Structures are given as C-alpha cells and as structure tokens.
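Heads up, the thing below is written out as structure tokens.
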Amino acid sequence: MIGAAALALIVAIALMLIRALSGPTLYDRVLAVNSLGTKIILLLGVIGFLTGRPDFLDISILYALINFVATIAILKFFRYRSFQVSLTRRGKEGS
Amino acid sequence: MIAEALEYWNAFRPVLGSALMLVGAVLAVIGTVGVLRFPDFYTRLHAASVTDTAAATLAILGMVLLAPSFAVVFKLAVVWLFLFLTGPTSSHALANAAHTAGLQPMIGRLGESDGGDE
C-alpha cells in the first residue's frame with residue numbers, strides 16, 4: 001500500500017509538471033512549481049519508508065526550506081525586477 | 001487488558017499508517033487534476049493550496065504511525081509544521097502578486113459569456 005501511495009504521488013508530480021510547462025501565465029507556473037515541491041517532499045518521505053530508511057526525511061526538510069524561499073524569491077523578483085528591495089513598507093519620508 | 005489492547009494497536013498500526021499515506025497521495029492526485037482542469041488562475045490556486053495542506057497532513061500522519069523511533073517522529077513534526085506554516089503563506093503571496101500585477105479573476109459562468117475574462 002505504501003508502493004501505491006508512491007505511485008500516486010509520482011502520477012501527481014507528472015500531471016503537475018504538465019501545468020508547470022504549459023501554464024498560460026507566470027503565476028500558474030510558480031503555483032505549479034510550489035505544489036510540485038510539496039509533492040516531492042511527500043514522495044521523499046514515502047520512499048524513505050518504502051525502502052526502510054527514514055533518513056530521507058532530512059532531505060525532505062531541506063526541500064521544504066528551499067521550496068518556500070524559492071517561491072517568495074521568484075515572486076519578489078518578478079514584482080520589483082530586482083532582489084535588492086526591502087520587503088518592509090516604506091515610511092513617510094520614503095514616499 | 002491494557003497489554004491486549006496494546007498488542008491489537010501494534011498489529012493495526014502499520015495498516016492504518018499505510019492507508020493514511022495512500023489517502024494523502026490520492027488527495028494530491030485529486031488536487032493536481034483540479035489544477036489541470038480549472039479555467040482560471042485563482043480557482044487553480046484554491047485547488048492546489050487546499051489539497052496540498054490536507055495531503056501533507058494526512059501523509060505525514062500516516063508516516064508518524066509507521067515511524068520506528070522518536071527521532072523520526074520529531075523530524076516528521078518539523079516537516080509538517082513547516083509545510084503547515086509556509087503553504088498558506090506562499091498561496092497568499094501568489095494571490096497577492098497576481099492581483100497586484102493586474103490578473104483579473106474570471107467572473108460568470110463558463111461558456112455563457114466571456115464577460116469577466118477581459
């Protein structure tokens with residue numbers, strides 16, 4: 001039954017890859033890549049339990065951290081066209 | 001009596017864990033089908049974000065039931081907490097960025113008119 005779960009997650013990743021490759025807008029692609037990352041995290045855990053080596057969970061923690069930072073960085077870059085912009089709101093003297 | 005109940009629980013635990021993992025994976029497939037078939041970015045975002053959080057919770061709960069030691073349970077709790085905090089945050093950031101960039105949601109029924117699509 002764990003194998004079936006891994007297979008279903010692989011099918012979900014393949015289908016989400018179609019949306020990531022053919023998304024009409026930029027935000028569809030970012031959404032697909034973000035969701036793909038979540039499914040890859042789950043697949044890493046499931047493969048770890050399938051092969052009896054739960055050490056794969058360390059890699060999945062790393063994937064979770066990188067996935068979130070990458071999503072926010074891509075969105076920030078396409079909003080300001082630069083990474084070097086403060087995300088805090090400007091004060092009165094800044095406007 | 002308590003020992004008997006514990007024995008039953010230990011026999012039942014792997015089955016329950018595998019079933020929860022399978023339910024989570026099937027939920028991920030359902031969310032992906034929604035992302036492929038929905039007509040609009042915002043509806044796709046809804047399908048993806050809701051099912052992702054639920055699928056991660058179910059699958060990680062199943063893995064907790066299969067975990068051999070307490071360290072593995074702790075790592076799973078860390079992964080779950082991070083996914084639970086960052087999934088809705090990135091969904092909000094995506095919707096906010098798309099709305100700020102001027103992407104309009106589709107309004108009205110599909111096939112009736114293309115009024116909200118301009």
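The values are calculated or read from the model by the stated rules, or taken from the named source; none is laboratory data. All values derive from a computational prediction rather than experimental measurement. Ideal geometry is used to build each Cβ from the backbone, glycine not excepted, and the neighbour counts take in all protein chains shown.
Things worth noting here:
- Of the helices (runs of 4 or more DSSP H) lying entirely inside the range A:1-94, not one carries at least 1 residues that are more than 7 Å from chain B (Cβ to nearest Cβ), of a type outside the set (V, I, T) and touching a residue at least 60 places away in the same chain (Cβ under 8 Å).
- A:M1 being within 30 Å of B:F70 (Cα to Cα) and among the aliphatic types (A, V, I, L, M): yes
- Count - residues of the range B:58-104 that are more than 7 Å from chain A (Cβ to nearest Cβ), surrounded by fewer than 21 Cβ atoms within 10 Å (Cβ to Cβ), within 16 Å of A:N34 (Cβ to Cβ) and not aromatic (F, W, Y): 6
- From the list B:N96, B:N10, the lone residue that is among the polar types (S, T, N, Q) and modelled with pLDDT of 90 or more is B:N96.
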